[in-house]
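Quick notes on the structure that follows.
Computed from the coordinates by the stated procedures, all read-outs in this text should not be read as laboratory data. Not measured: the values here are computed from a predicted model. FYI the Cβ positions are ideal-geometry reconstructions off the backbone, even for glycines, and counts take in every protein chain you see.
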Amino acid sequence: MDGLFEQMSQNSVFASLDENARRALSQMAISRKFVKGDCIAHHGDIWPYLLLITEGEVNALKESSEGRSLIVATFGAGEIFWGLAFFEETAPMPVVLSASAPTTIHLWPRERLLPTLMQNGSVSWELCRLMIRRMLHASEIVEELAFQPVNGRLARLLMDHFSSAGEQAITRSLTLDEMAARVGTTREMVCRALYRFADKKLIEVTRTEFVLTDKAGLKRVAGSQ
C-alpha cells in the first residue's frame with residue numbers, strides 16, 4: 001500500500017487530509033487490476049465508488065444506439081474519478097469506464113469515504129474544484145463537436161500527439177476506431193480525413209507512423225495559429 005499512499009499524497013483531494021487520515025483510507029481501499037479493453041463499469045450501472053488510478057489509463061466513453069463511441073475523458077495514474085451513485089445513490093453511470101492499457105485502480109465504496117467527506121471540509125472543497133475543472137473540459141468537448149468540423153478535430157488530435165511526443169514522426173498507436181472515438185466520428189470519416197491531409201502534404205501516412213510535413217498547415221486546420 002506504500003505506492004497507493006504516495007499517490008494519494010500527491011493528489012489534491014487526498015492531500016488535503018492529514019497523514020494519519022490518508023494512511024487509514026489507503027488501508028480501506030479495494031485493489032483491482034485490468035488488462036487493456038476490460039470494462040470497469042458499464043453505462044447504466046449503479047456504481048457508488050470513487051477510484052484512484054495507480055497504474056495505467058482509463059477511458060470514459062459515451063456510446064450511441066448506432067454503435068458509435070466518443071471518448072469524453074482519459075484519466076491516468078494519480079487521477080481520480082467517481083460514479084454518480086457515489087453522490088446520488090440511485091444515479092446510473094452516464095459513461096462506460098474501460099482500461100485502455102494494463103491498469104491498476106483502487107476503489108472506495110461510498111459508505112467508506114462519506115464520513116471523511118462529511119468531517120473534512122477541505123476534502124469536499126478540493127473535490128468540488130476538481131468537478132469544476134471536469135465540467136469545463138466537458139464544455140470544451142461539446143463546443144468542439146458543435147462548432148468544429150471533423151477535419152479540425154482530427155488535426156488537433158494529431159497535433160496533440162506530435163507535441164507530446166516532441167517528434168516529427170509518431171507511431172500509429174491508435175487504431176482508426178480509437179481515433180474516431182476521440183473525435184466523435186466514424187472510422188471511415190477518419191480514414192478519408194487522414195488521406196486528405198496526406199494529399200495536401202500536411203502529413204505522410206505509412207503503415208506504422210504519421211510524419212508531420214507541414215506543421216503550420218496542420219495547425220491552421222486544427223483552428224490554432
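Residue 68 to residue 21: extension gain in nm, 0.36 nm per residue of separation minus the Cα-Cα distance?
Extra length available between residue 68 and residue 21 comes to 12.6 nm.
Of (1) 14.5; (2) 13.4; (3) 10.5, which is the value of mean projected area of the Cα convex hull in nm² derived from the coordinates here?
(2)
What residue among 184, 44, 83 shows peak mean-square fluctuation when the chain is described by a Gaussian network model with Cα springs under 10 Å?
44
How far apart, in nm, are two points set 7 Å out from the Cα along the Cα-to-Cβ line at residue 137 and at residue 120?
Output for this residue pair reads 2.2 nm.
If R₀ is 25 angstrom, what is the calculated FRET efficiency for the pair residue 163 and residue 220, using the beta carbon separation as r and rounding to 0.05?
For residue 163 and residue 220, the calculated efficiency is 0.95.
Going by the alpha-carbon gyration tensor, a ≥ b ≥ c the square roots of its eigenvalues, is the range 148-222 rounded (a/c under 1.5) or, if a/c is not under 1.5, prolate (a/b greater than b/c) versus oblate?
Note, shape of the range 148-222 comes out rounded.
For helix 121-147, report the angle its Cα long axis makes with the longest principal axis of the Cα atoms of the chain; keep it between 0 and 90° and round to the nearest 10°.
Rounded to the nearest ten degrees, it is 20.
Per the helix-only calculation at 222 nm, which mean residue ellipticity applies to the chain, given -39500 (n - 2.57) for every DSSP H run of n ≥ 4 and division by its residues, nearest 500 deg cm²/dmol?
Per the formula, -14500 deg cm²/dmol.
How do 43, 106 rank when sorted from fewest to most other Cβ atoms within 10 Å of their own Cβ?
If I rank by nearby Cβ atoms, fewest first, I get 43, 106.
Extending each Cα 7 Å along its Cβ direction at residue 188 and residue 201, get the distance between those two points in nm, one decimal.
3.1 nm
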